[in-house]
Amino acid sequence: MPLPRKAGRDAPGRLSVQDIARFRHLELFSHKVVEGFVSGQHKSPFKGFAIEFAEHRPYVPGDDLKHLDWKLLAKRDRHYVKQYEEDTALRAYILLDASGSMGYGSGDRSKFETGRFIAGVLSYMLLGQQDSTGLITFTSKIQKYLPARTTSKHLKNILDTLAETRTGDDTRLAEVMHHLANRIRRRAMVVLISDLFDRPEDIVRALNHFAHKKHEVILFQTLDPNERDFPFRDLTRFESLEGEEIILSEPLRLKREYLKRFQDHQKQIRQACHRLRIDFVEMLTNEPVERNLAKYLAVRLKRRG
């Protein structure tokens, strides 16, 4: 359902002086956070290792039977065990929704600006740890695809892309997610930053797709408090940010149904994330991003410690 549009929160072009200052502050903030998290070996909220299949070899007496490939035994009547290798190099992809609805903001910061902030901080942290990091921005299709790299120049490329990206067009979130689940071939940490304005059942199927591909997913949902609480009382003109639709209505007539649909939507997403062991983090545009991001990272570190 469209909400009152507030224009000018995401003007095209480079970041403003205030945004640049905010990013500089973020670099200092992120540096302190990283120092605290990496004080010991592998003490990072994102660091860890994955066990990946490498090859088969013939079974020899004494091998652990849990590594025996029973399917291969049934097909060929031969005993083989699976060999694995530890992969300590983290690959991360940050997916940032730049569809029209992300340009909405009832206060000083739009959803997209909040998402851009999160993407910038995480990129700084990951690349500061020498973790291979990529950035993908999208609307109804991929807008920019920066492959995962570890170079210091790559951080500048990511921040420049974030600065130059503007919101617009409609969204096909689930469709884009399916495409990327197939395109990101090696196991990776996938950070999705979006308002999740798509059919919840379609999003859930796409999350299942990422899980099937063995990716670790972190989901940041950026929301404006007006979208969560629907506080409108007077006659209001609702304008879609992804199309031509305009509604002039008494909000109180819409509120009950809107909140019911919104809460059902949230419930389906949260339940799927819980089932798939996906971190779900709600980020409101009227709350300090630094504080909420640091809080999540601290919880994640404690959980992994």
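Could you tell me whether segment 238-260 includes any residue that is open to solvent by less than 40 Å² (accessible area, probe 1.4 Å), modelled with pLDDT of 85 or more and not in a helix (DSSP H, G or I)?
Among the residues of segment 238-260, not one is open to solvent by less than 40 Å² (accessible area, probe 1.4 Å), modelled with pLDDT of 85 or more and not in a helix (DSSP H, G or I), which makes the answer no.
I'd like the residue in segment 102-123 that is aromatic (Phe, Trp, Tyr) and within 15 Å of the chain's Cα centre (by Cα) and, out of all such residues, is surrounded by the fewest Cβ atoms within 10 Å (Cβ to Cβ).
Among those that are aromatic (Phe, Trp, Tyr) and within 15 Å of the chain's Cα centre (by Cα), it is 117.
Just one of (1) modelled with pLDDT of 65 or more; (2) open to solvent by less than 20 Å² (accessible area, probe 1.4 Å) trips up residue 44, so point out which.
Evaluating residue 44 over (1) modelled with pLDDT of 65 or more; (2) open to solvent by less than 20 Å² (accessible area, probe 1.4 Å) leaves (1) as the failure.
Can you list the strands (runs of 3 or more DSSP E) found entirely within segment 127-223 that contain at least 2 residues being open to solvent by less than 60 Å² (accessible area, probe 1.4 Å) and among the polar types (S, T, N, Q)?
In segment 127-223, 132-138, 216-223 are the strands (runs of 3 or more DSSP E) which contain 2 or more residues that are open to solvent by less than 60 Å² (accessible area, probe 1.4 Å) and among the polar types (S, T, N, Q).
Which members of segment 254-291 meet the condition of being among the hydrophobic types (A, V, I, L, M, F, W, C), closer than 24 Å to residue 118 by Cβ and more than 17 Å from the chain's Cα centre (by Cα)?
If the condition is that a residue be among the hydrophobic types (A, V, I, L, M, F, W, C), closer than 24 Å to residue 118 by Cβ and more than 17 Å from the chain's Cα centre (by Cα), then 262 is the only one that fits.
From the set of residues in segment 224-237 that are surrounded by fewer than 11 Cβ atoms within 10 Å (Cβ to Cβ) and under 25 Å from residue 109 (Cβ atoms), which is modelled with the highest pLDDT?
Only one residue fits best here, namely 231.
The values are calculated or read from the model by the stated rules, or taken from the named source; none is laboratory data. All figures in this text were calculated on a predicted structure; none of them were measured in a lab. When we count neighbours, we look across all protein chains shown, and the Cβ atoms used for this are built from the backbone with ideal geometry, even at glycine. With ligands, DNA and RNA removed, areas are computed over all heavy atoms of the protein, side chains included. Shrake-Rupley method; radii C 1.70, N 1.55, O 1.52, S 1.80 Å.
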